[in-house]
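The values are calculated or read from the model by the stated rules, or taken from the named source; none is laboratory data. Keep in mind that this is a model prediction, so the values were computed, not measured. Cβ atoms come from the backbone with ideal geometry, glycine included; neighbour counts cover every protein chain shown.
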Amino acid sequence: MDDRQVASQIGSVPVVVSAEELRVNLADYLARVRYADTVVVVEKYNQETAFIISPRMLRRLISSSQATSADRANALKELDAIVSQVPDVDPKTYNKAISKAVTEVRTEKRRKSKSA
């Protein structure tokens, strides 16, 4: 099943991005997934690598699948446990923290390479 077939099942037109594009604009894509139910298809080396969907879409997929009701209930419990652990923080805050951490790591690597 390709990305268009999956998207049609969950009612969304997918946005296809490279892994690099996702890395650079992660907060933006996560906001699209969360607030607009956008499906993000991540490609690496021009091959589908991952789908990013909202918890709401995942619940819809699970509930409409051929799984037994016990399987669906267990999957939803696990998903709810994961979602409850995710802090509700503005995407800009995540992006700022990630950028800061990346800068610190790069600075440290440069410092080490200069002293070697």
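With respect to residue 94, is the statement that it is under 27 Å from residue 14 (Cβ atoms), assigned to a helix (DSSP H, G or I) and at pLDDT 90 or above true? For residue 94, the condition - under 27 Å from residue 14 (Cβ atoms), assigned to a helix (DSSP H, G or I) and at pLDDT 90 or above - is not met. Residues that are closer than 30 Å to residue 24 by Cα and either surrounded by fewer than 11 Cβ atoms within 10 Å (Cβ to Cβ) or modelled with pLDDT of 80 or more (or both) within region 61-82 comprise 78, 81, 82, listed in sequence order. Filtering region 91-114 to residues that are touching a residue at least 12 places away in the same chain (Cβ under 8 Å) and hydroxyl-bearing (Ser, Thr, Tyr) leaves only 94.
Consider region 19-60. How many of its residues are touching a residue at least 12 places away in the same chain (Cβ under 8 Å), exposed (fewer than 15 other Cβ atoms within 10 Å of the Cβ) and under 23 Å from residue 76 (Cα atoms)? Residues flagged as touching a residue at least 12 places away in the same chain (Cβ under 8 Å), exposed (fewer than 15 other Cβ atoms within 10 Å of the Cβ) and under 23 Å from residue 76 (Cα atoms) within region 19-60 amount to 2.
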